[in-house]
Structure formats: C-alpha cells, structure tokens
Amino acid sequence: MGVNADVITDLILEVAKKAREETSFEPEPELTKAVKWPIKSTIGPGLEGAIACESKIGYVHGSKGWLIYRGYDIFDLCAYSSFEEVSYLLLHGKLPNAEQFKIFKKKMNNYRYLNKTLRLLVGFPVENMNAMGALRLGTNLMRQEFTHLDAEEGRPATVDAISSDEDSIAMETTPKGEVHAIYEFKKHKRKKLSKMDQMLEDACGNEACYHLISGVATLAAAITRIKSRHMPIEPDPELSHAANLLYMMNGRRPTPIEERIMDVALILHADHGMNASTFASMVVASTLSDIYFSIGSGIAALNGPLHGGANEQVIIALKEIGDPGNVAAWVDKQLAGKNKIAGFGHRVYKAYDPRARILGALAKLLVEGNKEAEIIYQTAKALEHEMIVRLGSKKNIFPNVDFYSGIAYTCLGIPTEIFIPIFAVSRVSGWTSRVLEYLQNNRIFRPRAMYTGEFNNKYLPIDGRN
Ligand code: ACO
C-alpha cells in the first residue's frame, strides 16, 4: 500500500468532524461533582443504570457518541497519540512528559520479554486450545514469574533482561526447521516485605500493571505463532508496541501504515467504562486478590460473543452473506428469527459508536486493491445501511466497535481466532487502570439478588421425591 501514514490522521479528523456535526444538537453533559454516597439510582437487569463507583479514567456519552479518556476525546488521541502514551495516560491520569515517557517505554520494552512464561506456555497444548484460554493461562504463568507469593526465585529485574544473541545463547529449532533464540532473565533477589505489603504490592503495584500491559501483547503474539506451528519470536526493542505486536505475530516488520492502523486500533479498545470485562476484573480485585487474577477474569469475560467475541461473528456473517446483493434477504431472515446481528447495538451508545467510525474508515483504506477483502467491506457497508434503515431511528441500533475491526485485522494478517486476544492486548490498559483506581478506595463488591424462590420447603429423603 503506497500511502503515507499521515493519511490516517486526516481520515480520523474527517470522521471526527462528521461525528461532531451529527450529534451537535445533543446537549453536552455537565461536570459531575464528587458523589455523596449512598445515592439513588434506577437499576435494570444486568445492573443497567447502577452506579458502582466513581472514576476519573474514562467516560462514554451514549447519545453524543462520545468516548473520553481522562478528559481527552478519542478522536484526538487516535489522531495524535500512541498506545504507549494512552496507556500511561489511563494509568497515571496525565500525559507523560518526555522524561516520563522515555522511562515508561523502557519499562514496556523490558517487560515485553516473557522468557520464563513462554517456556512454561509451550509445554501446554496451546495449538489445540481456545486462544483466550491460552491467554488466560499465560497471565497465570506471568503471575508465577512475578508475584511475591508464587515466585520462588524472585521477580526478574527488568534491567537484567538479556536480549537474545545468536552467538551467545542457546537456539531452538522448530519442527519446521526455523531457528529461534531462547532468551533468559538473570535471577534476581527480591527485597523482603511483610506479608500484607507483599499482598498489596501484588494486588496493586504499578510494575505489575506495566508487566501486564506489555506482556499480554507478547503472549497474544506467541499464541498466534504456536497455533500456526511456529516458535514465538522475541520482541524487537527498536519497535513500538503496535509494531512489535504485528512483528511478533507475523514474523515481518510492519509497514508504517500497518503499524499506525494497529496503533489506532489499540488506542480505540483501551478503555470503555464499566463494561463486563472491566467490571469482572474490578470485582476480583476488590477481594484483594492480585492484579494477575483480576486480568485473568477480564480475559474470561471478554471471551463471550456478546462482548469481545462479536467481531469474529461479524466476519463469519459477512462471509455467509457473500455479496452486497444478498444483504436484504439475510437481514429479513435474521430479524424474523429474532436473532441479534453481531456488530450492532450497544448498551450505552444510542448514537453511532465513534470507534466504529474510525475503524470503518481504516478498513476501507486497508481493503483497497484486495478483491476478496473489498467484497467483504462492500457487504459490510450494505449491511450497515440496511440495519440503520430498519433499526437506526426505531431502536437506536448502529454499528459498534466490533463491526469493522475484524475486516481491518484480517487485512493486517491477524487470524480470526486471534481477534479477541487482540482486544485483550489493548483493554488490559483499561483493566489495570480501573483496578488501581478502585483499589485506592476499595470496598468489596457485594450486590444482592432479589430472592423470588420459595420458603418453608420440607426436606424429603430421595426415595420420597417424584
Ligand atoms: N441486532 C438486532 N436487534 C438488536 C441488536 C442487534 N445486534 N441489538 C439490540 N437489538 C434490539 C433487541 O432485540 C431489543 O429489541 P426489543 O426492545 O424489541 O426487544 C433492543 O434492541 C434492545 O436490545 P438489548 O438486548 O436489550 O440491548 P442490551 O443493551 O442488553 O445489549 C448488546 C447490548 C449485548 C451489545 C446487544 O446489542 C447485542 O447482543 N449485540 C450483538 C452482539 C455485539 O455486537 N456485541 C458487541 C458489543 S460491543 C462490545 O462489547 C465490545
């Protein structure tokens, strides 16, 4: 693709302008002052409408189609920032200055090496596992490497990471005959902490968050490689997080435009209010279980087709439809069967999801010149049109973030079964940020269920039951 990566910035600013114009009639929200607990709210099933905590991290305005991270508009962050900078912003509340950013990126670079975790991971039948199952397992293995309570040798000092060097360290040959370096961390003595301090450091330490934000990308890439019967590739310290992710997956350094599109996709998925996976992470953290267990729960929740799994379903549906001309009949059939169509609708957005606007524009750029992908994209455009005509104004159903992401990921060489792990690679920065914020004022989550069962049943021995 012979286009300059700056074209992405122009595309984003263009869709941002359209988004702002379309919802300009909606009133802007007022700043919320500190909440005085307890508060009254109207709660629907699935905790709809319930306010569980305060947060300064991110905000979604459903009818304006706004997505805000720490006060910054998602369109501006996508146009001008990077995933590393956005992760720092989410975690620390402010954009980093040059020195802070340099240190943060150095830590990210070091934590990208997961030698021990990957050695353990390749001992499992990853090639036959559900990719999210393998990712969740991988975060448990990262925990083994890093937490006070589990690691016997002590956590690796990031500065001691030794990069692979073909002359000095062992090489491994894969069944396909590729040769890859095996890399090692030096052993490192950990400082002595009290049991409670250990638990707190494991539960809410910044370093563990950096480790996870960086390492989940290495894990996702390694899982992709193993599933295609290749050995994991170690990261390249010269590359950005997005470029490293693609490089460690595909074994090829991405073009500037591929890197930029991956980076924007990671920014777009980094945080999204109290969604199911974020809430799952926070619930686990609220027991003072540690952040690795919390992120494992986020991964488990994200795996479902109503949450992170929808973009995989979108690709399956678009391939099944096959051609823009078949869309109307396909939608008739789905709606008659009362099926929900993947990639549409959202609990919070009642306007066009800003993430889908950006991803739609990026997908269009990526499919150019690829006949098969162009047909899928055109089918998606026809489906979007059909759904908006039928359900747009009637039920406020518009494309969500999952509608165009799968098309973009396919063009970037990412296999369909890795779409949800890619979501996790990004959302881990939202999960960790929200967990840390919540733990500053922790109260264990404990909602109630409305008991609608019976009372006073008499216990009958098994022979007396029909
Ligand atoms: N296709 C057709 N109709 C839909 C869709 C859809 N995708 N989504 C909602 N509706 C309809 C429902 O049938 C319902 O109609 P009714 O009032 O006549 O019964 C109405 O819109 C409200 O739908 P709910 O299911 O109550 O909305 P809820 O907020 O509970 O669900 C959800 C939101 C889960 C995202 C839903 O829209 C859905 O299942 N979408 C498809 C899956 C999907 O794309 N998920 C990804 C979401 S984004 C993310 O998690 C990253």
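With the condition kept exactly as written, say whether any residue in segment 367-380 is away from the ligand (no atom under 16 Å from the Cβ) and in contact with a Ser or Thr (Cβ under 6 Å, 6 or more places away or on another chain). Break it down into steps so the answer makes sense when it comes.
Restricting attention to segment 367-380, the residues satisfying the condition of being away from the ligand (no atom under 16 Å from the Cβ) are 367-379.
Still in the running and in contact with a Ser or Thr (Cβ under 6 Å, 6 or more places away or on another chain): none.
Within segment 367-380 (the criterion being away from the ligand (no atom under 16 Å from the Cβ) and in contact with a Ser or Thr (Cβ under 6 Å, 6 or more places away or on another chain)), the answer is no, since none of the residues qualifies.
Which one of the conditions (1) surrounded by fewer than 18 Cβ atoms within 10 Å (Cβ to Cβ); (2) within 19 Å of GLU14 (Cβ to Cβ) does LEU391 fail to meet, given that it meets all the rest?
(2)
Every residue, every condition in (1) within 30 Å of LEU288 (Cα to Cα); (2) surrounded by 15 or more Cβ atoms within 10 Å (Cβ to Cβ); (3) of a type in the set (A, V, I, L, M, F, W, C), yes or no:
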{"site": "ASN370", "(1), (2), (3)": "no, no, no"}
{"site": "ALA380", "(1), (2), (3)": "no, yes, yes"}
{"site": "GLY406", "(1), (2), (3)": "no, yes, no"}
{"site": "PHE423", "(1), (2), (3)": "yes, yes, yes"}
{"site": "ARG427", "(1), (2), (3)": "yes, yes, no"}
{"site": "ASN441", "(1), (2), (3)": "yes, no, no"}
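Which one of ALA243, ALA280, ALA265 is within 16 Å of the ligand (Cβ to nearest atom), free of Cβ contacts under 8 Å to residues at least 40 places away in the same chain, in a helix (DSSP H, G or I) and crowded, with 21+ Cβ neighbours inside 10 Å? Explain how you work it out, then say what you get.
Values: ALA243 fails: within 16 Å of the ligand (Cβ to nearest atom); ALA265 fails: free of Cβ contacts under 8 Å to residues at least 40 places away in the same chain.
Within the list ALA243, ALA280, ALA265, the selection yields ALA280.
Please determine, by comparing only the residues of segment 301-358 that are in contact with a Gly (Cβ under 7 Å, 6 or more places away or on another chain), in a helix (DSSP H, G or I) and open to solvent by less than 40 Å² (accessible area, probe 1.4 Å), which one is nearest to the ligand (Cβ to nearest atom).
ALA310
Could you check how many residues of segment 95-128 are of a type in the set (A, V, I, L, M), part of a helix (DSSP H, G or I) and under 17 Å from SER82 (Cβ atoms)? Explain how you work it out, then say what you get.
Kept after step one, since they are of a type in the set (A, V, I, L, M), are these residues of segment 95-128: 95, 98, 103, 108, 114, 118, 120-122, 126.
Adding the requirement that they be part of a helix (DSSP H, G or I) leaves 98, 103, 108, 118, 120-121, 126.
Still in the list and also under 17 Å from SER82 (Cβ atoms): 98, 103, 108.
Of the residues in that region, 3 qualify.
With the requirement that a residue be small (Gly, Ala, Ser), at pLDDT 95 or above and outside any strand (DSSP E or B), what does segment 58-74 give you?
If we filter segment 58-74 for residues that are small (Gly, Ala, Ser), which is where we start, we get 58, 62-63, 65, 71.
Restricting the remaining residues to those that are at pLDDT 95 or above gives 58, 71.
Listed by number, the list holds a single entry, GLY71.
Consider segment 248-262. How many of its residues are part of a helix (DSSP H, G or I) and more than 14 Å from the chain's Cα centre (by Cα)? Give the derivation first.
First, pick out the residues of segment 248-262 that are part of a helix (DSSP H, G or I): 248-250, 256-262.
With more than 14 Å from the chain's Cα centre (by Cα) added as a condition, the list becomes 248-250, 256-261.
Of the residues in that region, 9 qualify.
So which residues in segment 359-388 are over 19 Å from THR416 (Cα atoms), small (Gly, Ala, Ser) and part of a helix (DSSP H, G or I)?
Listed by number, the residues that qualify are ALA361, ALA382.
For ILE414, are the conditions met, namely being in a loop (DSSP other than H, G, I, E, B), surrounded by 10 or more Cβ atoms within 10 Å (Cβ to Cβ) and away from the ligand (no atom under 16 Å from the Cβ)?
On the way: in a loop (DSSP other than H, G, I, E, B): yes; surrounded by 10 or more Cβ atoms within 10 Å (Cβ to Cβ): yes; away from the ligand (no atom under 16 Å from the Cβ): yes.
When the stated conditions are applied, ILE414 passes them.
The values are calculated or read from the model by the stated rules, or taken from the named source; none is laboratory data. This one's a predicted model, so the numbers in the text were calculated from it and none came from an experiment. Cβ sites come from the backbone with ideal geometry, for glycine too, and all protein chains shown count toward neighbours. Heads up: the accessible areas ignore ligands, DNA and RNA and are worked out on the full protein's heavy atoms, side chains in. Shrake-Rupley method; radii C 1.70, N 1.55, O 1.52, S 1.80 Å.
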